[in-house]
Amino acid sequence: MSFRFYAIHDQAITIEFSQEISEDANMLVIEMQHAIESNPFKGFIECVPAYASLTVYFNDQISELDVRAQLMSFYATQADNVKSGATKNNKQTITIPVCYDPTLGFDLPWVSKHLDLSHEEIISLHSSIAYRVFMIGFIPGFPYMGTLPQQLELPRKQTPSMKIPMGSVAIAGKQTGIYPAEVPGGWHVIGRTPLKMFDKTKKPCCFLKAGDLVQFKAISLEAFNQYS
């Protein structure tokens, strides 16, 4: 897998593996993050993963040239692991309950009509596969997950909703996500989970992290209301 470097500023470098959403590229991002954080080089501050790139922040104890050399060394090892499939081992799937009742998944009727799929078909498709958490972003705890079954792909809303409730499970493009707080948003809400995606009183604060695998499980409205 090819890569390129570019500087964010004089103490931050991004290494990019792809300009598209790619599971292999994202796996490499996460594996490099774990490797660097487990064996940090002198001057290392932190890593920030994205879909297909990793930004590394460092201080004046190390030069940009030396950081690039360090990243190339980590890349050489982790790229071989991804290519061999070693990084896919020992990955547990996290099950997240979702109520797809239209009172909670308020965009479900529109999505059903737009995609020419029944509610049951949408639920079956959405809960049929395990999704990879590509990154956490937008707001703390929001997981960008993919990729959706092709039948569920559709563009974002032309006019975003002003209030999307906490726990709303939504889809847009090739991705699905969960809103960790009540915020405006442009994804199509098809359900809601009773689980909290972000809690600042806990460590870690985010329920999910980049690299996790998530499987949605449909539950009834009654079961949803019984969660404490």
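Laboratory data are not the source of any read-out in this text; all were calculated from the coordinates shown. This is a predicted model, so every value here is computed, not measured. Heads up, the Cβs are rebuilt from the backbone with ideal geometry, glycines too, and the neighbour counts pull from every protein chain shown.
If you run the Gaussian network model on the chain, springs between alpha carbon atoms under 10 Å, then out of 160, 180, 49 the most flexible one is 160.
What is the Å³ per residue value for the convex hull set by the Cα atoms of the chain? Please list the in-between numbers first.
Working: hull volume 32.0 nm³, N = 228.
With only Cα atoms used, the chain gives 141 Å³ per residue.
Close amide H pairs (under 5 Å, H built 1.01 Å from N) link residue 175 with 148, residues at least 5 positions away or on another chain. As a test, work out the antiparallel percent of DSSP beta bridges whose residues both lie in the range 93-226, rounded to the nearest 5. The answer is about 75 percent antiparallel.
Of all beta bridges that DSSP places with both ends in the chain, some 85 percent have antiparallel geometry.
Around residue 173, with a cut-off of 9 angstrom between Cβ atoms, what is the net charge of the other residues, counting Lys and Arg +1 and Asp and Glu -1? It would help to have the intermediate numbers written out before the result.
Values: positive: 156, 174; negative: 153.
Residues near residue 173 contribute +1 overall.
For the range 113-157, backbone nitrogen atoms closer than 16 Å to the point 7 Å from residue 48 Cα along Cα-to-C-beta are found at 135-142. In this entry, the range 4-88 is assigned a mean projected area of 5.0 nm², taken as a quarter of its C-alpha convex hull surface. Give the calculated FRET efficiency between residue 113 and residue 209 to the nearest 0.05, with a Förster radius of 25 Å applied to their Cβ-Cβ distance. Efficiency, rounded to the nearest 0.05: 0.10.
Modelled spin labels at residue 14 and residue 196, positioned 7 Å past Cα toward Cβ, are 3.3 nm from each other.
Other residues within the sphere of radius under 13 Å centred on the Cβ of residue 47, judged by their own Cβ, net out at -2 (K and R +1, D and E -1).
Any idea what the dipole of the range 4-88 comes to, in debye rounded to 20, about its Cα centre with Lys/Arg Cβ at +1 and Asp/Glu Cβ at -1?
On the way: 5 positive and 12 negative charges, 35 e Å.
Using only the charged Cβ atoms, the result is roughly 160 debye.
For the range 114-228, the spherically averaged projection of the C-alpha convex hull amounts to 7.3 nm². Dipole magnitude for the chain: computed about the Cα centre from +1 point charges on Lys and Arg Cβ and -1 point charges on Asp and Glu Cβ, it is near 360 debye. Computed extension gain for residue 227 through residue 94, at 0.36 nm per residue and net of the alpha carbon distance, reaches 46.1 nm. The helix-only estimate of mean residue ellipticity at 222 nm for the chain, built from DSSP H runs of length n ≥ 4 each weighted as -39500 (n - 2.57), is -8000 deg cm²/dmol after division by the residue total. Sorted from greatest to least, the principal axis extents spanned by the alpha carbons of the range 92-170 come out as 32, 30, 22 Å.
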